Amino acid sequence: MRCIMPYQYPVPLAAGTRPRKGPVIHFSHYRHRVMNIETLAQLSEAVRQFGRERDWHLYHTPKNLTAALVVEAAELLEPFQWLTAEESLDLPEHKREAVRQEMADVLIYLVSLANLMQVDLLRAAQDKLAINARKYPVDKARGSCAKYDELDPEPKP
């Protein structure tokens, strides 16, 4: 994943500010370069710092972030609207880029919400996969799109 490259201190700070303890990511205006983000923890910190620098935390409530996430998810659907299943698998490059950008928006809002609510997304996903494995055992769910309570009780060969 690529992101705006943060500048580490010592970068001139705004008047009246002081460095925070620990590594601080600073996204300065007009000094953007590319940074590789390789872990969810790095992305989480980059998103947190990006918002802090803009005082967006003033507007980031669970309700607002969830609403924004839903709006971005709807925008993710737009390039696929009215396409057949086959067409949706073979998007032209400009539509693939639009999908890529909307996916990033959804992820950033999800990470922002997780930051605010102190949810470990990797652990939450791991726990949810375990729950889904119990609800959808392979021998009953393979090849079926039925909801767990509508699965055939007899195992499939």
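Quick rundown of the values:
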{"read-out": "Members of region 100-133 that are over 25 Å from Leu89 (Cα atoms) and out of contact with any helix residue (DSSP H, G or I) (no Cβ under 9 Å at 6 or more places or on another chain)", "value": "Gln118, Arg123, Ala125, Gln126, Asp127, Lys128, Leu129, Ala130, Ile131, Ala133"}
{"read-out": "Helices (runs of 4 or more DSSP H) contained in region 76-149 and holding at least 2 residues closer than 30 Å to Thr61 by Cα and among the small types (Gly, Ala, Ser)", "value": "93-117, 121-135"}
{"read-out": "Inter-residue pairs, beta-carbon under 7 Å, first β-branched (Val, Ile, Thr) and in region 44-73, second part of a helix (DSSP H, G or I) and buried (at least 16 other Cβ atoms within 10 Å of the Cβ), 6+ apart", "value": "Val47/Ile108; Val47/Val111; Val47/Ser112; Val47/Asn115; Thr66/Leu113"}
{"read-out": "Filter result for Leu65 (closer than 25 Å to Ile37 by Cβ and in contact with a helix residue (DSSP H, G or I) (Cβ under 6 Å, 6 or more places away or on another chain))", "value": "yes"}
{"read-out": "Hits in region 134-157 - residues which are of a type in the set (A, V, I, L, M, F, W, C) and open to solvent by 60 Å² or more (accessible area, probe 1.4 Å)", "value": "Val138, Cys145"}
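Here is a yes/no grid of residues against (1) under 12 Å from the mean Cα position of the chain (by Cα); (2) open to solvent by less than 90 Å² (accessible area, probe 1.4 Å):
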{"site": "Asn36", "(1), (2)": "no, no"}
{"site": "Arg52", "(1), (2)": "no, yes"}
{"site": "Asp55", "(1), (2)": "no, yes"}
{"site": "Ala73", "(1), (2)": "yes, yes"}
{"site": "Ala85", "(1), (2)": "no, yes"}
{"site": "Leu89", "(1), (2)": "no, no"}
{"site": "Val99", "(1), (2)": "no, yes"}
{"site": "Ala104", "(1), (2)": "yes, yes"}
{"site": "Leu110", "(1), (2)": "yes, yes"}
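The values are calculated or read from the model by the stated rules, or taken from the named source; none is laboratory data. The shown structure was predicted, so the numbers you read here are calculated from the model rather than taken from an experiment. As a convention, Cβ positions derive from the backbone with ideal geometry for all residues, glycine included, and neighbour counts pool all protein chains shown. In case anyone asks, the SASA skips ligands and DNA or RNA and just uses the protein heavy atoms, side chains included. Shrake-Rupley method; radii C 1.70, N 1.55, O 1.52, S 1.80 Å.
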